[in-house]
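Derivation of every value follows stated rules applied to the coordinates shown; laboratory data play no part. None of the values given here were measured: they were computed from a predicted structure. Reconstructed Cβ throughout: ideal geometry from the backbone, glycine too, with neighbour counts over all protein chains shown.
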Amino acid sequence: MTGKLQGKVAIITGGNSGIGESTAHLFAEEGAKVAIMARREKEGRAVQQAIEAKGGTAEFIQCDVTITSDIEQAVKRTVDLFGSIDVLFNNAGGAGPERFPEESREHWDYVLAQNLNGVFDMCTSVWPHMVNGGGGSIVNMSSGAAVMAHTPFLKSILGRSPVPASYSVSKAGVDAFTRWAAGEGGEVNIRVNGVRPGQILTPLTDVDGKGEHALKPLFDMIQITPGTGYPEDVAKAVLFLACDDSKFVTGDFIHIDGGLPIKL
């Protein structure tokens, strides 16, 4: 590796599996000290140990991004351990089974708490440390769902809407906050960007355990490049946005989706 994050301290939420896990490994290989934040300790410790076994530096810190006090304590723990924060990858999030108009307010609130409020709270806690350190890079997890709609035909392929209304709205909110925060960050050398994955196969999206994305029938209809993407594909885009290779990029988004021509 080339040491693109040598000497940097990085926080990765949802770092215990899938895209977060792959990004944690890649960051560590590039020289970063990685704080792996997630709810499930067993999986998080396993990622930490795997990184350490390869000579990297990582620490699992239990954190539920829907709980503001968890975030504040986890960020403090990171600074206590490593002394600073240079990179934040807001990766944690999820969707859920309910669909509009039957989607409950409780479901709506929980999805927004994971995907949007958690991003806001994490950025709020990390921001002063980045300012004190002379700057940093924040990468937020968005989705193609933030900029896409679906037709009755596409809906018929799956038998229901591809994602909950709350998921699309939360990711559109992440996009808006990313642009807003980038404007604030220009004055203090903090860059804020986002990634929008598409058909990426992870333990979360392989819901049936068949080695296929849960929305594969839909992606097969709307994707230019055939096949499936993998967590490593997203991790490489996040690394680009986290390191100085993208020092003149802020307020922008990288699509890792095989090409989706139905973006609105």
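Label zone of residue 151 (point 7 Å out along Cα→Cβ, amide N under 16 Å): in the range 229-264 this covers 260-264.
Overall, the ratio between the Cα radius of gyration of the chain and 2.2 N^0.38 Å, rounded to two decimals, is 0.96.
Lysine pair count for the range 9-256 with Cα-Cα distance under 21 Å and sequence separation of 8 or more or different chains is 12. Residue separation of residue 180 and residue 236 scaled by 0.36 nm, minus their Cα-Cα distance, works out to 17.7 nm of gained length.
Once the piece of chain linking residue 247 and residue 188 is laid out straight, how much longer is it, given 0.36 nm per residue of separation minus the C-alpha distance between them? Could the numbers behind the result be given before it?
Values: separation 59, 0.36 × 59 = 21.24 nm, distance 1.35 nm.
Residue separation times 0.36 nm, minus the Cα-Cα distance, leaves 19.9 nm.
Subtracting the Cα-Cα distance of residue 46 and residue 76 from 0.36 nm times their residue separation leaves 8.6 nm of extension gain. With neighbour counts taken as other beta-carbon atoms within 10 Å, the residues 40, 45 rank, fewest first, as 40, 45. Placing unit charges on each Cβ (+1 for Lys and Arg, -1 for Asp and Glu) gives the chain a dipole about its Cα centre, and among 14, 37, 214 the Cα reaching farthest toward its positive end belongs to 214. Placing a label point 7 Å from the Cα of residue 221 along the Cα-to-Cβ direction, the residues of the range 115-156 whose backbone N falls under 16 Å of that point are 145, 148-156. Rounded to the nearest 20, the size of the Cβ-charge dipole of the chain about its Cα centre is 260 debye, with Lys and Arg at +1 and Asp and Glu at -1. Taking the chain as a Gaussian network of alpha-carbon nodes connected by springs under 10 Å, the highest mean-square fluctuation of the residues 187, 212, 43 belongs to 187. Indicate the gyration tensor shape class of the range 34-77 (rounded, prolate or oblate), computed on the Cα atoms with a ≥ b ≥ c the square roots of the eigenvalues: a/c under 1.5 is rounded; otherwise a/b larger than b/c is prolate and the rest oblate. Note, shape of the range 34-77 comes out oblate. Spin-label pair residue 53-residue 67: with each label point 7 Å from Cα along the Cα-Cβ axis, the two points sit 3.0 nm from one another.
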